[in-house]
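Structure, as structure tokens:
The values are calculated or read from the model by the stated rules, or taken from the named source; none is laboratory data. Everything quoted here is computed from the prediction, not taken from an experiment. Neighbour counts are summed over all protein chains in view; Cβ atoms, including those assigned to glycine, are modelled from backbone coordinates with ideal geometry. Calculation scope for accessible area: heavy atoms of the full protein, side chains included, ligands and nucleic acids excluded. Shrake-Rupley method; radii C 1.70, N 1.55, O 1.52, S 1.80 Å.
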Amino acid sequence: MISFDEAYNIVLDSHMDFGTETVDLKAANGRVLAEHVKADRNFPPFDRATKDGIAIKYGAMISGDRKFKILDIAPAGTPQKKLGSTNACIEIMTGAIVPIGADTIIMYEHLTIEDEFAIVNKPVTKGQNIHKEGSDVPQGAEVLAKGSKITSAAIGVLASVGKAKVLVKKLPKICVVSTGDELVNVEEVPKAHQIRKSNSYSLKAALQEVGISAEEFHIIDDKNAIRKAFQKLLNTYDVMLLSGGVSMGKFDYLPELLEEAGVTPYFHRVNQRPGKPFWFGQNKTSKTTVFAFPGNPASTFASYHIYFLGWLNQSLHLPSNRINVLLSSAFKNEIPLTRFLRAKVEMVEGVLSASLILGNGSGDLTSLARANGFVQLNANTSYTEGELVPFVATSRIL
């Protein structure tokens, strides 16, 4: 059995590169950019009005003019107008091109409009209310860096530079595999000795949150059935997420049969709770990475967020999913295991504070829904209120 730190580092060091693919812009949200994106024109592409009002030549204000004849109107989306007279103006709408001959915009709130004239009522500064061409980004400059995660704001940038197709990093092809004769489908009424499947639903939902649509399989506790399934799955998927079948029971066949199928074991059993029986390895031939989590709901759920998401972020060159938070109360970890306790993290007086949720063991599924992550506590260690500890989020904090 190895320490948590050893196990975590082994998992991260085993990250993979899945190559790149081109996707439609509408499908790019949440993906990782695999190209440098540059501006195809100046941004903004012209001097644009930032207020509704009138466009004037500032020199007329110096001469003392405060009343301007309205010659025309310039809506957004129309060709550039021309202001031919210094004692006249053109009405202009937000987003429109500043007319030739104009260099200042005065918003309607600072004007009186009467008899086709605009009268200025407030002081004016030359160049006001004009967003200058190229002042945001000049043509050819990088607007999004390779390796950045595509957000809704980045989608807008990609659209503005005409990227209808976007080169992104491929996501792994993943299957979620549950094992055990005691499991029945969610729509069934379990017998006294049975339970409904839950881990596979949790894992698939968690994968959807990172943009991965996984396929689901269930294997009974039969060696031949497991062997047959492994032959197909290892040659089809980049990642296998298994739950159950890795503990010390007489029907926990997975460690033995994974090795038999050609998966090199990197470790089995970690000095932690929950998730102690966790098994991890890779098939060098198919390049399939196998995460075999213990079957208890808290063990599977914690191990997925701690290990798999850490591995996925490392594979995609994204930042770690671990942050530091403050404990809202003292706690003593009296066991010789690294503990991952369910916690609810909230913003309290400007800092992230973690309130512990002490569930009823690894099989307590309901308490997971009340938490938004796990705090990490070292073995045989006492913690004081307000102490900083690592936290792995399982849902949005704020």
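Exactly which trypsin sites (Lys or Arg not before Pro) in the stretch 213-283 are in a DSSP loop and have at most 13 other Cβ atoms within 10 Å?
Listed in order of number, the matching sites are Lys250.
How would the stretch 1-108 be classified by its alpha-carbon gyration tensor: rounded, prolate or oblate, with rounded meaning a/c under 1.5 and the a/b versus b/c comparison settling the rest?
Judged from the Cα gyration tensor, the stretch 1-108 comes out prolate (a/c at least 1.5, a/b above b/c).
With respect to the cross-link table entries Lys173/Lys344; Lys228/Lys284; Lys170/Lys197, which display a Cα-Cα separation exceeding 21 Å?
Listed pairs above 21 Å: Lys173/Lys344; Lys170/Lys197.
What does the charge add up to near Leu356, with Lys and Arg as +1, Asp and Glu as -1, over the other residues with Cβ less than 10 Å from its Cβ?
Counting the neighbours of Leu356, the net charge comes to +2.
Compute a Gaussian network model of the chain, connecting alpha carbons closer than 10 Å, and tell me which residue from Tyr108, Tyr237, Tyr383 fluctuates the most.
In this elastic network of the chain, the residue with the biggest mean-square fluctuation among Tyr108, Tyr237, Tyr383 is Tyr108.
Expected output is a single nm value to one decimal: the length gained when fully extending between His317 and Phe46, i.e. 0.36 nm times separation in residues minus the C-alpha distance. What is it?
Values: separation 271, 0.36 × 271 = 97.56 nm, distance 3.68 nm.
Length gained, His317 through Phe46: 93.9 nm.
Please list, by residue number, every one of the GluC sites (Glu not before Pro) in the stretch 95-166 that is coil in DSSP and has at most 13 other beta-carbon atoms within 10 Å.
When the GluC sites (Glu not before Pro) of the stretch 95-166 are filtered for loop state and at most 13 Cβ neighbours within 10 Å, Glu116 remain.
What distance in nm separates the two pseudo spin-label positions at Asn378 and Asp13, each 7 Å out from Cα along the beta-carbon direction?
2.1 nm
List the GluC sites (Glu not before Pro) within the stretch 240-349 that fall in a DSSP loop (any state other than H, G, I, E or B) and whose Cβ has at most 16 other Cβ atoms within 10 Å.
Loop-located and lightly packed - Glu334, Glu349.
Obtain the radius of gyration and the Kirkwood radius of the stretch 109-148 from its C-alpha atoms and give Rg over Rh.
1.33
Label points 7 Å out from Cα along the Cβ direction at Asp5 and Glu346: separation in nm?
Distance between the two pseudo-spin positions: 3.4 nm.
Residue separation times 0.36 nm, minus the C-alpha to C-alpha distance between Glu116 and Glu215: what's the value?
My answer for the length gained is 28.8 nm.
Starting from the Cα of Lys82, draw a straight line to each of the lysines and keep only those under 24 Å, dropping any in the same chain fewer than 8 residues away.
Lys51, Lys57, Lys67, Lys69, Lys126, Lys132
Count charges around Val168 for me, please; just the other residues with Cβ under 14 Å from its Cβ, Lys/Arg as +1, Asp/Glu as -1. Don't jump to the answer; show the numbers that get you there.
Working: positive: Lys26, Arg31, Lys146, Lys149, Lys163, Lys165, Lys169, Lys170; negative: Asp17, Glu21, Asp24, Glu35.
With Lys, Arg at +1 and Asp, Glu at -1, the neighbours total +4.
Under the definition of Cα pairs under 8 Å and six or more residues apart, what whole-number percent is the relative contact order of the stretch 53-145?
Worked out over the stretch 53-145, it gives 31 percent.
Plugging the Kirkwood radius over Cα pairs into Stokes-Einstein for the chain, at a temperature of 20 °C and a viscosity of 1.002 mPa s, what D comes out in µm²/s?
Numbers: Rh = 25.5 Å.
In µm²/s, the coefficient is 84.
Compute the separation of the alpha-carbon centres of the stretch 133-167 and the stretch 70-119 and state it in Å as a whole number.
A separation of 31 Å, based on Cα centres.
Ratio to report: Rg/Rh of the stretch 241-398, with Cα atoms as the point set and Rh obtained by the Kirkwood method; give two decimals.
1.00
Please compute the per residue accessible area over the chain with all protein chains in place, 1.4 Å probe, rounded to a whole number of Å².
49 Å²
Which net charge results when you count Lys and Arg as +1 and Asp and Glu as -1 among the other residues whose beta-carbon is under 11 Å from that of Lys149?
So the surrounding residues net to +2.
Take the Cα gyration tensor of the stretch 242-311, multiply each eigenvalue by 5, square-root it, and list the three semi-axes largest first, rounded to whole angstrom.
For the stretch 242-311, the ellipsoid semi-axes come out as 19, 15, 9 Å.
For the stretch 63-208, what is one quarter of the convex hull surface built on the Cα atoms, given in nm²?
The number I arrive at for the stretch 63-208 is 17.5 nm².
Computed over the Cα atoms of the stretch 320-398, what is the ratio Rg over Rh, Rh following Kirkwood?
On the way: Rg = 11.9 Å, Rh = 12.6 Å.
Expressed as Rg/Rh, it is 0.94.
Report relative contact order for the chain in percent, whole number only (criteria: Cα-Cα under 8 Å, sequence separation at least 6).
Relative contact order here is 15 percent.
Taking 0.36 nm per residue of sequence separation and subtracting the Cα-Cα distance, how much length would be gained by fully extending the chain between Glu260 and Glu385, in nm to one decimal?
40.1 nm
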